[in-house]
Amino acid sequence: MLGLINRSIETFLTDTHGAALCARVRRRADLPGESYEPLLQYDDAQTLRLINAACDELGRARSEFLEDLGAHLCSREAVRRLLRYGGCDYRGFLNSLNELNDRARMALPDLKLPDLHLAATQSGQFRLRVAADLPGWGAVLAGILRAMADDYGSLALIEVPPRVAGSDLRDPDPMAETVTIQLLDATHAEARQFALARMIGEV
């Protein structure tokens, strides 16, 4: 796992619960004393220990923690800009998710994100298939989708239904997760200001 992911988890803990709690989580996870270098690769087991230790320290369910982590990622302007480049409205953003991995790799070639596939259903819903080497990315994406709905001023119902063994025989990947999105109102509130190019003179 790229150190940037682990660093993002630490930043989330520090921003929301303080540096002391983040240090306790690192000790509970038996991690090295120094923080992660963003562009170095680390064993996936360290990421799992970090997440599990955070959930134990906070007394929170793993899915809830990961959803909040996903939402927090969108508060970082670099991530928000990467996501907002996908479309001028929330529907356009959703339809761009299939290309998100490629856009991210243009900025960070070593960043391995889950494979995403968005499909519209006959009932007007969207189904986002999330396939990754580690479990939990579906919850992270659900948090990102909720935060971006707010960013676009849209009202959406987003759920991560539990996967039932044998429920989809066409999908042989046992790690794949599904996020469902029901766009209820595309213009529910005023969208946050966003410009594709920085204004002249902006610092």
What's the number of the only condition in (1) surrounded by fewer than 14 Cβ atoms within 10 Å (Cβ to Cβ); (2) part of a strand (DSSP E or B) that Leu118 fails to meet?
(1)
So which residues in region 158-203 are among the hydroxyl-bearing types (Ser, Thr, Tyr) and either modelled with pLDDT of 80 or more or not in a loop (DSSP other than H, G, I, E, B) (or both), if there are any at all?
Thr178, Thr180
Can you name the condition, by its number, that Phe126 falls short on among (1) under 17 Å from Ala191 (Cα atoms); (2) more than 16 Å from the chain's Cα centre (by Cα); (3) touching a residue at least 40 places away in the same chain (Cβ under 8 Å)?
(1)
Could you grab the pairs with beta carbons closer than 7 Å, sequence gap of 6+ or different chains, first residue in region 103-123 and among the hydroxyl-bearing types (Ser, Thr, Tyr) and at pLDDT below 90, second one surrounded by 13 or more Cβ atoms within 10 Å (Cβ to Cβ) and not in a loop (DSSP other than H, G, I, E, B)?
Thr121/Arg127
Is one or more of the residues making up region 141-159 surrounded by fewer than 16 Cβ atoms within 10 Å (Cβ to Cβ) and over 20 Å from Cys74 (Cα atoms)?
no
Name the residue, out of Ser63, Ser35, that is under 24 Å from Leu145 (Cβ atoms), out of contact with any Phe, Trp or Tyr (no Cβ under 7 Å at 6 or more places or on another chain) and small (Gly, Ala, Ser).
Ser63
Looking at region 4-22 only, could you name the residues that are touching a residue at least 12 places away in the same chain (Cβ under 8 Å) and of a type in the set (A, V, I, L, M)?
Leu4, Ile5, Ile9, Leu13, Leu21
Does Glu10 fit the bill of being part of a helix (DSSP H, G or I) and over 28 Å from Ala156 (Cα atoms)?
yes
Taking region 16-43 on its own, how many of its residues are open to solvent by 60 Å² or more (accessible area, probe 1.4 Å) and among the β-branched types (Val, Ile, Thr)?
1
Within region 62-103, the residues that are open to solvent by less than 50 Å² (accessible area, probe 1.4 Å) and in a loop (DSSP other than H, G, I, E, B) are Cys74, Gly86, Gly87, Ser96
Report, ordered by the first and then the second residue, all pairs with beta carbons closer than 9 Å, sequence separation of six or more or different chains, a first member in region 57-70 that is touching a residue at least 60 places away in the same chain (Cβ under 8 Å), and a second member that is open to solvent by 50 Å² or more (accessible area, probe 1.4 Å) and not aromatic (Phe, Trp, Tyr).
Arg62/Asn52; Arg62/Pro135; Ser63/Val160; Glu67/Arg146; Glu67/Val160; Asp68/Thr16; Asp68/Arg60; Gly70/Arg146
Please enumerate the residues belonging to region 13-41 that are of a type outside the set (Lys, Arg) and either assigned to a helix (DSSP H, G or I) or within 16 Å of the chain's Cα centre (by Cα) (or both).
Leu13, Thr14, Asp15, Thr16, His17, Ala19, Ala20, Leu21, Cys22, Ala23, Val25
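Let's see how each residue does on (1) under 20 Å from Asp110 (Cβ atoms); (2) modelled with pLDDT under 95; (3) of a type in the set (Asp, Glu):
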{"position": "Ile9", "(1), (2), (3)": "yes, no, no"}
{"position": "Arg28", "(1), (2), (3)": "no, no, no"}
{"position": "Gly33", "(1), (2), (3)": "no, yes, no"}
{"position": "Gln46", "(1), (2), (3)": "yes, yes, no"}
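The values are calculated or read from the model by the stated rules, or taken from the named source; none is laboratory data. If you're wondering where the values come from, they're calculated on a predicted model, not measured in any experiment. Heads up, the Cβs are rebuilt from the backbone with ideal geometry, glycines too, and the neighbour counts pull from every protein chain shown. Note: areas computed on protein heavy atoms with side chains; ligands, DNA, RNA excluded. Shrake-Rupley method; radii C 1.70, N 1.55, O 1.52, S 1.80 Å.
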